[in-house]
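Take a look at the structure below.
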Amino acid sequence: MKHLHIAQFISFLRLVFAPLTLVYLSDWPHKEMFLLIIVIVSGITDFLDGYIARARGQESYLGAIHDFTADKLFILSALLVFSVAGKIPCWVTFIILYREIIVMGLRIYTSFHKVEIKASWMGKFKTLVLFVGLIVMLMGIEFYMIVIYISLAMTVISFFDYFLKFRKVVLTET
């Protein structure tokens, strides 16, 4: 088996961290600190893996899919767990979940047509704000929902950004 590049290993960490979000539903007294560390590390690795891959000339289609999948699985796992725990309204989680599913479908569709819709700065900023919201929540700071709502607004805006890019690709095909 071919060895993993460091960027792929970093993405793999987020896949390992995703099920660990379930710890938040336990009675363990240190669950907030544990999840705070995991969310911070996941947030850093979310931005670090792509940077390392580009810096080392190790970008690949498979690596991009791996990174994208790891990002979505971790974020959605965390949101679902925090919704079940009553920290984030379910409707917020479902809007973010639906956006991710639809954008994933658009990206898959375009990939079959040998066209790639790359992650936009807006989508990356949305993810950054969401990570900040989760960190603020786990630190016990009261205004965390304001940050989550800003992330939700960015989620909707970035969805339309992806949709317009998709529409442009589809219209140029026909």
Counting residues that are modelled with pLDDT of 95 or more, over 27 Å from I157 (Cα atoms) and not charged (D, E, K, R), which helices (runs of 4 or more DSSP H) fully inside the range 1-116 reach at least 2?
-> 6-20, 31-55
Scanning the range 1-32 residue by residue, those in contact (Cβ under 8 Å) with a residue 40 or more places away in the chain and either more than 18 Å from L73 (Cβ to Cβ) or among the acidic types (D, E) (or both) turn out to be H5, I6, E32
Failed item in (1) exposed (fewer than 12 other Cβ atoms within 10 Å of the Cβ); (2) within 21 Å of I65 (Cβ to Cβ); (3) not basic (K, R), with F159 passing the rest | (1)
Contacts under 6 angstrom Cβ, first residue in the range 38-60 being without any contact (Cβ under 8 Å) to a residue 24 or more places away in the chain, partner aromatic (F, W, Y) and part of a helix (DSSP H, G or I), 6 or more apart = I38/F17
K168 being over 25 Å from L48 (Cα atoms), at pLDDT below 95 and in a helix (DSSP H, G or I) | yes
Quick one: count up the residues across the range 28-59 that are of a type in the set (G, A, S) and surrounded by 13 or more Cβ atoms within 10 Å (Cβ to Cβ).
-> 4
Quick one: what pairs do we get from the range 138-156, first residue more than 19 Å from I40 (Cα to Cα), second of a type in the set (S, T, N, Q) and surrounded by 11 or more Cβ atoms within 10 Å (Cβ to Cβ), C-beta under 9 Å, 6+ apart or different chains?
-> M154/T127
Note down all Cβ pairs under 7 Å where the first residue falls in the range 116-132 and is under 15 Å from F68 (Cβ atoms), the second is of a type in the set (K, R), and they're at least six residues apart or on different chains.
-> I117/R107; I117/K165
Checked the range 62-107 for anything farther than 12 Å from Q8 by Cβ, in contact (Cβ under 8 Å) with a residue 24 or more places away in the chain and hydroxyl-bearing (S, T, Y); matches are S77
Hey, any hits in the range 33-42 for a residue that's out of contact with any Cys (no Cβ under 6 Å at 6 or more places or on another chain) and within 30 Å of V170 (Cβ to Cβ)?
-> no
Test for S151: is it part of a helix (DSSP H, G or I) and more than 30 Å from M33 (Cα to Cα) = no
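The values are calculated or read from the model by the stated rules, or taken from the named source; none is laboratory data. These figures come from a predicted structure and were not determined experimentally. No Cβ is skipped: glycine too gets one built from the backbone with ideal geometry, and neighbour counts run over all protein chains shown.
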